[in-house]
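Pasting a structure below so you can have a look.
The values are calculated or read from the model by the stated rules, or taken from the named source; none is laboratory data. Since we're looking at a predicted model, the values are computed, not measured. Reconstructed Cβ throughout: ideal geometry from the backbone, glycine too, with neighbour counts over all protein chains shown. We work out accessible area using only protein heavy atoms, side chains counted, and drop any ligands, DNA or RNA first. Shrake-Rupley method; radii C 1.70, N 1.55, O 1.52, S 1.80 Å.
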Amino acid sequence: MYKNRGLVKDEIAFKSFNEVPRELFLPKNYVSSAYSDHPLPLMDTGQTISAPHMTIMILEYLELKPGLRVLEVGAGSGYQAALIAAAIKNGENTGHIYSIEIVPKLVDFARRNIRNAGYEDLITVLEGDGTLGLPEEAPFDRIILTAAGPTLPPPLLEQLKIEGTLVMPLGRPGLFQTMTRFRKISEDEVLREVLTSVAFVPLRGKYGS
Ligand code: SAH
């Protein structure tokens, strides 16, 4: 349906969306709304799992291919990480995704969902402040933030490969933000593209809102 409406242009994104069952990543009382195109609450945490169209747009903005090493800030339900995992796997040439989550309850939730969906070999969920990145596993080909922050956290830019891209909702909480893609051209040159307007939960942590 999303493809027919012209919303999905990238074949890898389309394949991932069809492969990963969103219902496995929702709190039980929301399973019947799994394919309604709006965000859903993650238990009583005040956090949300993004609407399906937004998760697909993120896949497209990341320009994924098999073998990439990806860092996600904000595991939430683990659904976006699973979609990314589906896009970076291909037999021998399979990448890995590290996903950092600051709310302990959601770390457990994401891990359980990822295991149920069968992606545990491709995704490592870690508890902590994702704005500090994960220096021990850096550098990354792609970095995605699923919460909105005021600026690009400096440690994340440092941990991005040359030619790598970082996608994040940029802006203050409560207002619309702009989904922005940063492309690291060299150690001291970064290109910035504004992609679309979005509304995400606030990024917490040292370089958060
Ligand atoms: N990608 C998620 C959506 C998550 S909503 C999914 O597919 O379900 C944003 C998440 O970012 C929330 O779970 C929130 O707790 C988390 N978050 C916010 N600031 C963070 C930070 N500094 N480090 C790690 N996680 C953070």
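Looking at 146, 151, 131, 165, can you tell me which residue is polar (S, T, N, Q), open to solvent by 20 Å² or more (accessible area, probe 1.4 Å) and within 25 Å of residue 67 (Cα to Cα)?
Sole residue among the options that is polar (S, T, N, Q), open to solvent by 20 Å² or more (accessible area, probe 1.4 Å) and within 25 Å of residue 67 (Cα to Cα): 146.
Of all residues in the range 168-182, which are surrounded by 15 or more Cβ atoms within 10 Å (Cβ to Cβ) and either outside any strand (DSSP E or B) or aromatic (Phe, Trp, Tyr) (or both)?
Within the range 168-182, 171, 173, 182 qualify.
Now, a different point. Return yes or no: is residue 58 in contact with a strand residue (DSSP E or B) (Cβ under 7 Å, 6 or more places away or on another chain) and under 20 Å from residue 109 (Cα atoms)?
Criteria not met by residue 58.
Residues that are within 14 Å of the ligand (Cβ to nearest atom) and out of contact with any Leu (no Cβ under 7 Å at 6 or more places or on another chain), at least 3 per element: which strands (runs of 3 or more DSSP E) completely within the range 46-141 meet that?
The qualifying strands (runs of 3 or more DSSP E) are 123-127.
Continuing with the same structure: So the check is Cβ under 7 Å with 6+ separation or different chains; which pairs have a first residue in the range 18-30 that's within 18 Å of residue 45 (Cβ to Cβ) and within 11 Å of the ligand (Cβ to nearest atom) and a second one that's modelled with pLDDT of 95 or more and not in a helix (DSSP H, G or I)?
What qualifies is 25/77; 25/78; 26/77.
Now, a different point. Suppose we keep only residues that are within 15 Å of the ligand (Cβ to nearest atom) and open to solvent by 80 Å² or more (accessible area, probe 1.4 Å) within the range 183-209. Which one would you say is farthest from residue 63 (Cα to Cα)?
Applying the filter and picking the extreme gives 206.
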